[in-house]
Amino acid sequence: MNWLTNLNETRRSLKERLVGLVAPKEVPDNLWHKCPGCGHMIFHRDLEKALNVCQHCGHHMRLSVKKRLGMLFDDGQFQRIELPKVPDDPLKFKDQKRYSDRLKDTRSKTGEVDAIVVAHGRMGGMNVVAACFNFDFQGGSMGIAVGEGIVAAAELAVLQDAPLIVIPASGGARMQEGILSLMQMARTTVAVDKVKEKRLPYIVLLTDPTTGGVSASFAMLGDIAIAEPGAVIGFAGARVIESTIREKLPEGFQKAEYLLEHGMVDMVVPRRDLRATMIRILSLLKNRGAAGDLVALPIDTPDSADQD
Amino acid sequence: MHILEFEKPIAELEGKIEELRHLSDAGDVNIADEVSKLQAKVDKLLRSTYAKLTPWQKTQVARHPERPHALAYISTLIEDFTPLAGDRAFAEDQAIIGGLGRFRGRSVMVIGHEKGHDTESRLKHNFGMAKPEGYRKARRLMEMADHFQVPILTLVDTAGAYPGVDAEARGQAEAIARSIETCLDVRVPLISVIIGEGGSGGAIALATGNTVLMLEHAIYSVISPEGCASILWRSAENAKDAAEQLRLTAQDLHKLNIIDSVVPEPMGGAHRNTDLMMQTLSMAVESALRDLGGVEGGVLRARRREKFLEMGRAGLS
């Protein structure tokens with residue numbers, strides 16, 4: 001199967017097909033993607049195979065929650081957890097549009113209730129709980145529902161005696177829930193601390209973008225912080241900083257590699273290596289303290305005994 | 001005194017009184033009656049204006065340049081204040097001040113954002129906008145208080161954490177996250193008071209107390225009204241609308257169970273009668289400390305954590 005046969009499947013008129021052959025830019029969006037990094041056109045099958053990473057320049061594009069979780073768990077198998085219902089639009093917020101209408105729109109567009117999905121499954125045979133942000137849902141912003149998701153994920157991890165992996169992709173707090181959004185910073189901090197208190201590993205996979213109130217709470221509190229290449233990670237938005245200091249920002253500012261250089265994350269890992277890396281870390285943390293085989297120690301020489 | 005836009009009618013009346021006094025000084029016209037009548041009018045107007053301030057007007061009051069800031073409260077309420085400096089890693093950040101002192105006889109650790117009151121002090125304190133080293137110092141001092149079993153008093157007054165290249169390079173997000181984590185972890189009484197502006201993450205970093213008090217005309221919000229307006233209305237001109245929608249007043253936050261109580265301000269705001277403000281806050285803090293006195297450290301910690309874990313989940317519909 002190549003892209004020609006795929007084109008045939010779309011059953012469009014011959015004329016359209018010909019146009020498609022000579023000018024790939026005009027075929028529907030879902031067949032060809034333009035890489036935001038290098039501008040190359042990438043065929044959708046190739047992009048999918050590469051987990052939304054450009055084969056030309058390595059640019060990591062956003063990944064849907066489904067694909068993200070599928071890529072991490074063994075055989076792509078995981079179970080979603082139904083999250084407790086929380087009040088919608090508690091402040092009855094209205095800007096140019098009602099928040100309740102915005103919510104309704106996003107829900108029908110995404111088919112999701114809010115910006116977080118919690119799932120559990122196995123990674124390398126180990127039980128793992130994961131909470132993954134959906135950036136398509138109002139920029140992955142954190143309101144009560146997202147806070148509830150993190151709390152539920154943390155509680156499930158404790159209940160299952162399983163590690164917790166959180167994967168933020170969020171612009172920060174959800175403004176339309178006002179102070180209640182701000183409080184989610186404290187709330188999620190307590191939640192992930194409960195996992196840590198049980199000495200269960202808490203891994204954060206920072207994806208593009210992780211900023212604002214999300215970065216300044218649970219996202220920066222991981223035992224292990226892994227970032228995806230090129231992901232924007234920081235507290236203040238680049239535009240806010242630019243308007244404060246009135247100068248151009250340095251090259252690569254707030255990118256994953258910049259954070260690594262500044263000591264803010266443990267590693268930057270390409271998407272294709274994420275699963276293996278996480279499984280390795282989890283197994284290293286899991287097998288701590290287990291008895292190994294006895295190894296005969298070298299016989300003490302009088303010299304080394306003196307040194308004590 | 002700096003006059004806010006909505007205070008102009010009050011200022012005009014006060015100006016008239018001043019004029020009359022000047023006249024009476026010059027001649028021997030008896031204007032006592034007229035002055036007291038005018039003064040009554042001023043009081044009435046001040047009271048009625050401040051009784052129904054809009055959220056946007058409260059934002060102005062909370063940011064009033066003459067409003068008492070953290071150092072003013074510390075110098076009045078805290079004896080033997082001994083400032084402690086530095087995060088032991090990079091620098092001393094004067095946007096957050098902290099140290100040991102005595103509040104009504106007992107040792108306390110006081111930590112607060114300081115905005116400064118004139119150009120020189122504003123620059124020194126970076127307008128109350130802390131960098132990571134400020135939050136790391138706060139964390140260090142909270143851990144010290146925990147170690148020595150000394151209650152913590154935080155005074156929150158910031159437009160927000162400093163948005164700058166250097167702050168980001170040194171991990172602003174991580175510093176705030178750790179500060180929140182430490183606030184929620186200590187086993188000593190932690191009282192937080194929002195004294196002016198509670199701006200977003202930079203504010204909550206010091207504000208997750210066992211008891212959270214808020215002055216009557218202070219504000220506390222996830223984002224500034226201007227910032228919110230420029231994102232959601234695409235124009236900072238709509239700041240007034242954003243202030244209405246954000247529910248950032250002490251009265252709203254009390255209704256939402258985000259804060260424990262509202263500390264009344266003198267008529268016309270804290271800046272009009274600083275002495276009275278100090279006395280009122282002193283009593284409020286004393287009563288909060290008393291309520292937490294004798295509670296075991298582990299219980300204090302557990303209650304604080306439970307309170308914030310529940311926030312937003314219950315009591316709303």
Surpassing 30 Å at the alpha-carbon level, of the pairs A:Lys34/A:Lys66; A:Lys92/B:Lys8; A:Lys85/A:Lys194; B:Lys8/B:Lys37; A:Lys198/A:Lys255; B:Lys44/B:Lys307, are A:Lys92/B:Lys8; A:Lys198/A:Lys255; B:Lys44/B:Lys307
Computed ³J(HN,Hα) along segment B:235-252: with the Karplus parameters 6.51/-1.76/1.60, θ = phi - 60°, integer Hz and x for glycine or proline, the list is 7, 5, 4, 8, 3, 4, 5, 4, 4, 4, 6, 6, 6, 9, 7, 4, 5, 5
Chain B, Gaussian network, Cα under 10 Å: of B:Asp43, B:Asp33, B:Asp93, the residue fluctuating most is B:Asp33
In a Gaussian network model of chain B with springs linking alpha carbons closer than 10 Å, the residue among B:Ser24, B:Ser75, B:Ser121 that fluctuates most is B:Ser24
Note to self: C-alpha centroids of segment B:50-128 and segment B:158-223 sit apart, in Å, by 13 Å
The answer for trypsin sites (Lys or Arg not before Pro) in segment A:192-263 that fall in a DSSP coil and have at most 16 neighbouring Cβ atoms within 10 Å is A:Lys198, A:Arg199, A:Arg246, A:Lys248
Computed about the Cα centre, the charge dipole of segment B:155-283 from +1 Lys/Arg and -1 Asp/Glu charges at the Cβ has a magnitude in debye, to the nearest 20, of 160 debye
The answer for trypsin sites (Lys or Arg not before Pro) in segment B:1-107 that fall in a DSSP coil and have at most 14 neighbouring Cβ atoms within 10 Å is B:Lys52, B:Arg88, B:Arg104
Between B:Gln279 and A:Ala50, the FRET efficiency computed from the C-beta separation at R0 = 51 Å comes out, to the nearest 0.05, as 0.15
According to the Cβ-distance criterion of 4.7 Å, cysteines of the protein assembly as shown with no possible disulfide partner are A:Cys132, B:Cys183, B:Cys228
If each K or R counts +1 and each D or E counts -1, the residues other than B:Leu276 whose Cβ falls under 14 Å of its Cβ total -1
At the level of C-alpha centres, the distance separating segment A:145-162 and segment A:95-132, in angstrom, is 14 Å
About its Cα centre, segment A:63-285 carries a charge dipole, from +1 on Lys and Arg Cβ atoms and -1 on Asp and Glu Cβ atoms, whose size in debye to the nearest 20 is 400 debye
Ranking A:Phe93, A:Gly70, A:Ala276 by how far each Cα lies towards the positive end of the charge dipole of segment A:63-285 (+1 on Lys and Arg Cβ, -1 on Asp and Glu Cβ), the top one is A:Phe93
Among B:Gln60, B:Gln279, B:Gln251, the residue with the largest mean-square fluctuation in a Gaussian network model of chain B built from Cα contacts under 10 Å is B:Gln279
Heads up, segment B:5-52 by the C-alpha gyration tensor (a ≥ b ≥ c square roots of eigenvalues; a/c under 1.5 rounded, else a/b over b/c prolate, else oblate) looks oblate
Excluding residues fewer than 8 positions from A:Lys286 in its own chain, the aspartates and glutamates with Cα under 16 Å of it are A:Asp161, A:Glu197, A:Asp223
The distance between the Cα centres of segment A:211-290 and segment B:229-304, in whole Å, is 34 Å
Straight-line reach check, B:Lys124, cutoff 16 Å on alpha carbons, 8 or more apart in-chain or any other chain, hits among aspartates and glutamates -> B:Glu92, B:Asp93, B:Glu114, B:Glu133, B:Asp157
Note: probe point = Cα of A:Asp136 + 7 Å toward Cβ; backbone nitrogen < 17 Å; residues of segment A:45-61 passing the test are A:45, A:47-49, A:51-53, A:61
For the protein assembly as shown, whose charge dipole is built from +1 on Lys and Arg Cβ atoms and -1 on Asp and Glu Cβ atoms, the candidate among B:Ala270, B:His113, B:Ala229 with its Cα farthest towards the positive end is B:Ala229
For the protein assembly as shown, the Cα-Cα pair-distance distribution in 20 Å bins from 0, as whole percents, is 18, 46, 26, 9, 2, 0
Expected unfolding gain across A:Lys66-A:Gln160 under the 0.36 nm per residue rule, minus the alpha-carbon gap, is 31.6 nm
To the nearest 0.05, the calculated FRET efficiency linking A:Arg98 and B:Asp291 through their beta-carbon distance, R0 being 45 Å, is 0.65
Over chain B, the sum of -39500 (n - 2.57) across DSSP H runs of at least four, divided by residue number and rounded to 500 deg cm²/dmol, gives at 222 nm -14500 deg cm²/dmol
Simple SL model, points at 7 angstrom along Cα→Cβ for A:Glu197 and A:Asp74; separation in nm is 3.1 nm
The local net charge around B:Cys183, scoring Lys/Arg +1 and Asp/Glu -1 for residues other than B:Cys183 whose Cβ lies under 9 Å from its Cβ, equals 0
With +1 at each Lys and Arg Cβ and -1 at each Asp and Glu Cβ, the charge dipole magnitude of chain B around its Cα centre, to the nearest 20 debye, comes out at 1000 debye
Residues whose modelled amide H sits under 5 Å from the amide H of B:His117, counting only those 5 or more places away in sequence or on another chain, are B:Arg122
For segment A:61-78, in residue order, the Karplus 3J(HN,Hα) values (coefficients 6.51, -1.76, 1.60; θ = phi - 60°; whole Hz; Gly and Pro = x) are 8, 5, 10, 5, 4, 4, 5, 4, 5, x, 6, 8, 7, 4, 6, x, 9, 7
For segment A:81-156 the GluC sites (Glu not before Pro) that pass both the DSSP coil test and the at-most-16 other-Cβ-within-10 Å test are A:Glu82, A:Glu112
In this structure, the FRET efficiency calculated for A:Arg272 and B:Ala85 from their beta-carbon separation, with R0 = 56 Å, to the nearest 0.05, is 0.75
From the cross-link list A:Lys94/B:Lys52; B:Lys41/B:Lys240; B:Lys16/B:Lys255; A:Lys67/A:Lys104, the entries with a Cα-Cα span beyond 30 Å are B:Lys16/B:Lys255
Checked against the positive end of the charge dipole of chain B (+1 on Cβ of Lys and Arg, -1 on Cβ of Asp and Glu, about the Cα centre), the farthest of B:Ile194, B:Leu309, B:Ala51 is B:Leu309
Once phi for every residue in segment B:260-273 is put through the Karplus expression 6.51 cos²θ - 1.76 cosθ + 1.60 (θ = phi - 60°), the whole-Hz ³J(HN,Hα) values, with Gly and Pro written as x, are 8, 7, 9, 8, x, 9, x, 4, x, x, 4, 6, 8, 8
A 1.4 Å probe over the protein heavy atoms gives segment B:183-297 a carbon and sulfur accessible-area percentage of 45 percent
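The values are calculated or read from the model by the stated rules, or taken from the named source; none is laboratory data. A quick note: this is a predicted structure, and the numbers were derived from the prediction, not measured. No Cβ is skipped: glycine too gets one built from the backbone with ideal geometry, and neighbour counts run over all protein chains shown. Just so you know, the surface numbers come from the protein's heavy atoms only, side chains and all, with ligands and any DNA or RNA stripped out. Shrake-Rupley method; radii C 1.70, N 1.55, O 1.52, S 1.80 Å.
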